[in-house]
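Heads up, the thing below is written out as C-alpha cells.
Derivation of every value follows stated rules applied to the coordinates shown; laboratory data play no part. On a predicted model such as this, the values are computed, not experimentally measured, just so you know. Cβ atoms come from the backbone with ideal geometry, glycine included; neighbour counts cover every protein chain shown.
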Amino acid sequence: MRGAGDGAACRVEGVSKAFGAVRAVRDVSFAVEPGSLTCLIGPNGAGKSTLLHCISGFLRHDAGRIEIEGTDVSRWPAHRRARNGLGTVFQTTRPLERLDVWTNAMVGCHAWTRSDFLAGILRPPRQRREEREIREASREALALVGLEQRLLDAADALPIGQLRLLSIARVLAQRPRVLLLDEPVAGLRAAEKRQLTTVFRDLRERGLTQVLVEHDMQFVGSVADRVIVLDRGAVIADGPPEQVRGDERVISAYLGTAVL
Amino acid sequence: MGLSAMVAIGLSLLMGFAGQVSLGQGAFYALGAYAAGLLSVPKELFANGLGLDPLLALAAAPLLTATVAAVVGVPLLRLRGHYLAFATLALHLILLSVIFGEERLTGGQTGLIGIPALEVGGRTITGNLHTAVVWALVVVCFVIAQNLVRSRAGRGLQAIATSEASAAAAGVDVASYKLRLFVLAAGFAGLAGGLYTYLLLYLSPDAFTLLISIEFVVMVAVGGLGSVSGAVLGAVVVTLLQYYLQKFGTRQELLGLDLPIQTPTVARIGVYGLIFVLVMLFFPRGLLPAFTGALRRLGRR
Ligand SMILES: Nc1ncnc2c1ncn2[C@@H]1O[C@H](COP(=O)(O)OP(=O)(O)OP(=O)(O)O)[C@@H](O)[C@H]1O
Ligand SMILES: [Mg+2]
C-alpha cells in the first residue's frame, strides 16, 4: 500500500458498510498523507459516497476503523468530527436561502467557535469578539474562492457554479485540516471547473489534505497526487493518476462507460 | 394579544428559524398557567394549592414549563416534519386530559379559583398595568429572540432548518440545539401562561383547547416565517380578527337567522382556516415580508 505511515491525515482500515444485502463498501483500507490530494473514483454505485459518509460520520460503518490525524473517530458523531478538523462537502448542498452569502459562510465557523445560546442572547464582550473573528474568517474564506464581491447578495440569487463555490467557502471557514468533497465539479461548466481546479491547487499549496470523489478524469488528472479506484465496494487500484489510467482492471471496470 | 405574541415569538424561533413545527405550544401555555395558579392558590381555597407568593409562582412558571419541555423534548424531537407536529399536538391532548381528569389536582372542568392577585411593591398588577407588564416582557422575549437569531447559535439553528446533515457537517450538535431551542420556546409559552393566570385570577380548561395551539401556528405563519417581528404582527392581526369575530359571532341572530350556540367556536375554526389559506395564497412568505417588500418597491420609485 502506498501512502503515509503513522503520520496519516486520514486512515481507513478494513472499513465495510452494507445496506441490507447491498455490500456498498467492502474491506477498504488506505492512508492519506498530510497535504496530499487524493481522488476517489469508480463507476456509478461503486460505493464512493458511502465511503465518504463513513469517514465524515454520517453513516456508521459496520466494520473497520477510521482515524483522523491519528485519533480513532469511529464512534464519534459527525458534528464532533467536524469540530476536530474534518470538513465535508456533500454531493448536493442547499444554501440557507434567506440569508446572504456572507452569513452562509459564517455557518462554517461554527466548527471552531464556542459561543452558545446564552452567550448569543446576552452578548458578553467575549461573544462580540468572537463574532468579529467569525466575520473576518468567513470573509477570507469567501475571498479564497473568489466570492468576496458577493458578500451581501442573497444566497438564492447565486448561479449553480457560485453556489458550489459558496459551499466550498463555507467548509473552508471551518478551518478544516482534512477536507472531503463529493463530486465538487459535477454539473459545472468548463470555466467553472477550471476555477475550482485552481482553488483545489491553492488549498493543496496551503497544506490542506483533500479527498475528492470525482468522475471527470480530466479534472482528476490535473489535480490528483494519487487516485484510488473503487469498484463494487472494493479498492481495485491505487496509485498516481498516470499509473491508474493504464491499469487493466480499471479499464475493464469502466468498460463501456468510456470515461478514461 | 401580548400573551399570544410572547408564545408566537418562541414558536417563530422553532418553526421559522429551526424548521421544527410544534402544534403543542398551547400545552406549554396551559402548563405555565396551571403552574402559576397551583403554586400561588392558598391551601384554604384549594387543597393542592401551595400558597406561594404570586411573584415567585410567576417566575417558577416558565422554569417548570421549560423543565417539562426538556424532558418530553428528548423523545419528541427525534421526530421530524409532520410527525413532530402531530406528536406535539398529542402532547397538548394528553395535558388536556390530565387537566380535565385530575380534578383534585387541577380543579377539572369547574376550573381553578381563588388565585391571589399579583402584587409588586404593594401595587396590584391588573388591567392596564398588567397589559404594560406583558408588553414589556414581550419586548424582553423579542430582544432575546433577535439576539439569538443573529448569533452563532442562531446560524446553527437556521442551518438545521435547511439540512440537519449539513448543519452537523459544520459542527452543529443538531439534537442538542433542537432541544435547547424547544426548551426556550416552551419557557416563553410558560411565562405567557403564568401572566395569563394573573390576568383573570381564574383558570378554566376551556381556555386551553387544541384551538390555541393551532392559533399560535397560524399567527407565526401569517406574520411570516423566519421573522421575529412577523410573529408579533401575526399575533396582533389574528387576535384582533378573533376579537371582532367573537363580537360578531355571539350575536343572537344574523340576517334574521337564529344562530346555534356553537357558532362562535365553529366560526373561529373556519376563520383560521380561511385566513391561513388566504395569506398563504396571496402572501406565501407571510404578511411582514410582503409588507416590507411592498415598502421597498415603493421606496425605489
Ligand atoms: N442509503 C442507502 N440505502 C440503501 N442503499 C444504498 C444507500 N446509499 C447507497 N446505497 C447503495 O450502495 C451502493 C453504493 O452507493 P454510493 O452512492 O456509495 O455509490 P457512488 O460510488 O457514490 O455512486 P455515484 O457515482 O452514482 O455517486 C449502491 O448500490 C447504492 O444503491
Ligand atoms: Mg456518489
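A compact table of results
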{"item": "Modelled FRET efficiency - R0 45 Å, B:LEU63 with A:GLU13, Cβ distances, 0.05 increments", "result": "0.40"}
{"item": "DSSP-defined antiparallel bridges as percent of all bridges, the protein assembly as shown, nearest 5", "result": "60"}
{"item": "Value of [θ]222 nm, deg cm²/dmol, for chain B, DSSP H segments ≥ 4, -39500 (n - 2.57) each, nearest 500", "result": "-23500 deg cm²/dmol"}
{"item": "Euclidean distance between Cα centres, region A:82-134 to region A:49-73, Å", "result": "24"}
{"item": "Sites B:ALA290 and A:GLU248 - FRET efficiency at Förster radius 51 Å, r taken between beta-carbons, to 0.05", "result": "0.20"}
{"item": "Separation of alpha-carbon centers, region B:151-203 and region A:228-249, rounded to whole Å", "result": "49"}
{"item": "Nearest-0.05 FRET efficiency for A:THR198 and A:GLN149, computed from C-beta distance (R0 22 Å)", "result": "0.85"}
{"item": "Net charge of Cβ neighbours under 13 Å - reference A:ARG201; Lys, Arg +1; Asp, Glu -1", "result": "+1"}
{"item": "Peptides ranked, highest mean first, by Cβ atoms within 10 Å: ranges A:184-194, A:98-108", "result": "A:98-108, A:184-194"}
{"item": "Cleavage-rule hits, trypsin sites (Lys or Arg not before Pro), region B:1-104, DSSP coil, Cβ neighbours within 10 Å at most 13", "result": "B:LYS43, B:ARG78, B:ARG80"}
{"item": "Neighbouring partner chain Cβ atoms per residue of A:106-114, average, 10 Å criterion", "result": "5"}
{"item": "Separation of alpha-carbon centers, region B:268-293 and region B:61-93, rounded to whole Å", "result": "26"}
{"item": "C-alpha long axis of helix A:190-205 to longest principal axis of chain A, angle in °", "result": "80"}
